[in-house]
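Novice: Pasting in a structure now, in structure tokens, and then I'll have a few things to ask.
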Amino acid sequence: MEKVVLGDIVKARRGRELAVLEECQSTNDVVKSRVPTGKECVVISRRQTAGRGRLGRGFDSGEGGLYMSLSWIPRISLEQCLPVTVLAGLAVCTAVDSMCGTATMLKWPNDVYLKDRKICGILTEAVMSGGAFAIVIGIGVNLTNKLRGEVGKAGTILQLTGYAPEREALAGEIIRTLDLVFDELETCGPERLIREYAQRCVNIGREVTAVSGGEAVVGRALGVDGDGALLVDTGEGTIRVLSGEATLRSV
Ligand code: BTN
């Protein structure tokens, strides 16, 4: 279990605790270890030694990127929290665009793209521990960090815009936009947010292969429902894909 540097903990938005670390294995794991406290917290680290990605992958976490996780103790049911996986991506897009003047897009469920390069990945986990429950949202943004080897279609904000926002300033803006998403989900539900998400989602209206739990669903992506599931028209009906990933197919 990671040691949180208590001296660095200050009050953040919603009364969260904030810890800024030099290094940890994974900020998601640090935040998960604090779920039993029953308090929300934010952890930011300069680098991670074992950054985790979705679907069991690793996440390149060298110095110069923003690696942060926060916990959300929802005032709604777990079922009603499902869309937060996709909506966390929308919050990051909004924050990055407002600070960098960019026009970021989303690849379902929550990869953030700029000019056809992935600049941010998000790992959302529901955690029940010590009798307490929280949703942990981990966000990795490529700012000025060196991307190791051939990292597929990844890029940094610096490479793509010639500018990179200050790490803590971007973290603060992401926390602000995420809190707006949490508030709206808790008070109004997901409908308006999902419409906004759909406007940014590159998959919608395109031919995709969506892979979930080893099963591939091939067809046209019609939209995203109130749970954040991708709706795929296979020609024989519409399939809801609740988790996994979707690649665009050239037809
Ligand atoms: C993905 O692209 O597959 C998701 C990557 C999520 C990376 C972030 S970095 C901060 C937090 N800590 C982790 O170990 N993972 C997330």
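Novice: Testing R167 on (1) under 27 Å from G223 (Cα atoms); (2) over 13 Å from the mean Cα position of the chain (by Cα); (3) surrounded by 13 or more Cβ atoms within 10 Å (Cβ to Cβ), one condition comes back false. Which one is that?
Specialist: In the conditions (1) under 27 Å from G223 (Cα atoms); (2) over 13 Å from the mean Cα position of the chain (by Cα); (3) surrounded by 13 or more Cβ atoms within 10 Å (Cβ to Cβ), R167 misses (1) alone.
Novice: Between S71, S45, S61, S33, which is open to solvent by less than 60 Å² (accessible area, probe 1.4 Å), away from the ligand (no atom under 11 Å from the Cβ) and farther than 20 Å from V84 by Cα?
Specialist: Result: S33 is the single residue among S71, S45, S61, S33 that is open to solvent by less than 60 Å² (accessible area, probe 1.4 Å), away from the ligand (no atom under 11 Å from the Cβ) and farther than 20 Å from V84 by Cα.
Novice: Would you call E40 of a type in the set (D, E), open to solvent by 60 Å² or more (accessible area, probe 1.4 Å) and modelled with pLDDT of 80 or more?
Specialist: For E40, the condition - of a type in the set (D, E), open to solvent by 60 Å² or more (accessible area, probe 1.4 Å) and modelled with pLDDT of 80 or more - is not met.
Novice: Name the pairs: first residue in segment 116-145 and outside any strand (DSSP E or B) and within 15 Å of the ligand (Cβ to nearest atom), second residue among the hydrophobic types (A, V, I, L, M, F, W, C) and open to solvent by 20 Å² or more (accessible area, probe 1.4 Å), Cβ to Cβ under 6 Å, at least 6 apart or on different chains?
Specialist: L143/A164
Novice: Are any residues in segment 9-30 in a loop (DSSP other than H, G, I, E, B), open to solvent by 20 Å² or more (accessible area, probe 1.4 Å) and away from the ligand (no atom under 12 Å from the Cβ), and if so, which ones?
Specialist: I9, A12
Novice: Being charged (D, E, K, R), open to solvent by 10 Å² or more (accessible area, probe 1.4 Å) and near the ligand (Cβ under 10 Å from one of its atoms) is the requirement here; does R54 meet it?
Specialist: Judged against the criteria, R54 is a match.
Novice: Among the residues of segment 200-207, are any under 22 Å from L123 (Cβ atoms) and open to solvent by 30 Å² or more (accessible area, probe 1.4 Å)?
Specialist: Within segment 200-207, one or more residues are under 22 Å from L123 (Cβ atoms) and open to solvent by 30 Å² or more (accessible area, probe 1.4 Å).
Novice: Consider F182 against the criteria (1) assigned to a strand (DSSP E or B); (2) in contact with a Phe, Trp or Tyr (Cβ under 8 Å, 6 or more places away or on another chain): it satisfies all of them except one. Which criterion is unmet?
Specialist: It is condition (1) that F182 fails.
Novice: List the number of the failed condition for E184; all other conditions in (1) open to solvent by less than 30 Å² (accessible area, probe 1.4 Å); (2) free of Cβ contacts under 8 Å to residues at least 12 places away in the same chain; (3) acidic (D, E) hold.
Specialist: Single failed check for E184: (1).
Novice: Any residue at all in segment 148-169 that's in a helix (DSSP H, G or I), in contact (Cβ under 8 Å) with a residue 24 or more places away in the chain and among the small types (G, A, S)?
Specialist: Yes, some residue in segment 148-169 is in a helix (DSSP H, G or I), in contact (Cβ under 8 Å) with a residue 24 or more places away in the chain and among the small types (G, A, S).
Novice: Moving to a separate point now. Of all residues in segment 74-112, how many are within 12 Å of the ligand (Cβ to nearest atom), in a helix (DSSP H, G or I) and either on the phi > 0 side of the Ramachandran plot or open to solvent by 10 Å² or more (accessible area, probe 1.4 Å) (or both)?
Specialist: Within segment 74-112, residues that are within 12 Å of the ligand (Cβ to nearest atom), in a helix (DSSP H, G or I) and either on the phi > 0 side of the Ramachandran plot or open to solvent by 10 Å² or more (accessible area, probe 1.4 Å) (or both) number 1.
Novice: From the residues in segment 224-238 that are part of a strand (DSSP E or B) and free of Cβ contacts under 8 Å to residues at least 24 places away in the same chain, which one is nearest to I204 (Cα to Cα)?
Specialist: L231
Novice: Report yes if K153 is more than 11 Å from the ligand (Cβ to nearest atom) and open to solvent by 30 Å² or more (accessible area, probe 1.4 Å), otherwise no.
Specialist: Spelling it out, K153 is indeed more than 11 Å from the ligand (Cβ to nearest atom) and open to solvent by 30 Å² or more (accessible area, probe 1.4 Å).
Novice: With the checklist (1) within 16 Å of the ligand (Cβ to nearest atom); (2) more than 23 Å from R47 (Cβ to Cβ); (3) surrounded by fewer than 21 Cβ atoms within 10 Å (Cβ to Cβ); (4) under 16 Å from the mean Cα position of the chain (by Cα) in hand, flag the one item R176 doesn't pass.
Specialist: R176 satisfies every listed condition except (1).
Novice: Oh, and also: If you take the residues in segment 113-125 that are open to solvent by 70 Å² or more (accessible area, probe 1.4 Å) and touching a Leu at 6+ places or on another chain (Cβ under 8 Å), which one is farthest from G51 (Cα to Cα)?
Specialist: K115
The values are calculated or read from the model by the stated rules, or taken from the named source; none is laboratory data. Only a predicted model underlies this, so the values are computations on that prediction, with no experimental measurement involved. Here the Cβ is made from the backbone with ideal geometry for all residues, glycine too, and neighbour counts use every protein chain on show. Only protein heavy atoms, including side chains, enter the accessible area calculation; ligands, DNA and RNA are left aside. Shrake-Rupley method; radii C 1.70, N 1.55, O 1.52, S 1.80 Å.
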